[in-house]
Amino acid sequence: MSEDRQPIACSLDAAGLRRQLSGWENLSASCRAVTVDDDGCHARLWFEADRGSELRRLAAAEQECCGFLTLSVTSEEALVRLDIGSDNPDARAIVATLVDAAGTPEPTRGAERPVDSR
């Protein structure tokens, strides 16, 4: 592992992890599109704009407990976009877990723009 990469580690205990995943799952009904880069370490999810505050809160909490991830939330027209990424290839499984929890549309691999599957 490169010295500039943070180790894959979460600071949450089992109960905290369940609460955090539950928060992501609660957003899944408002997910409108998902893209995952070919490397599997970067994903973008688009949600209904009215979920922006909740999304920002969850992203900040995730960034706090999983420092190896980079999360950002951006408003785009009528949607809000969540970017999840890591420079550590060992983070693929964690990125996939978050995508599975928060995103209900089938992910589009390597797409630059969302493909709305609803």
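A few comments on the model shown:
- Taking amide hydrogens as placed 1.01 Å from N in the peptide plane, the amide H of residue 10 sits under 5 Å from that of no residue at least 5 positions away in sequence or on another chain.
- Placing a label point 7 Å from the Cα of residue 17 along the Cα-to-Cβ direction, the residues of segment 36-78 whose backbone N falls under 13 Å from that point are 66.
- Panel order for 21, 55, by other beta carbons found within 10 Å of each beta carbon, from fewest to most: 21, 55.
Any read-out appearing in this document is the output of simple, stated calculations on the displayed coordinates, not a laboratory observation. Bear in mind that the values here come from a model prediction, so they are computed numbers and not experimental data. We place every Cβ from the backbone using ideal geometry, glycine too, and count neighbours over all the protein chains shown.
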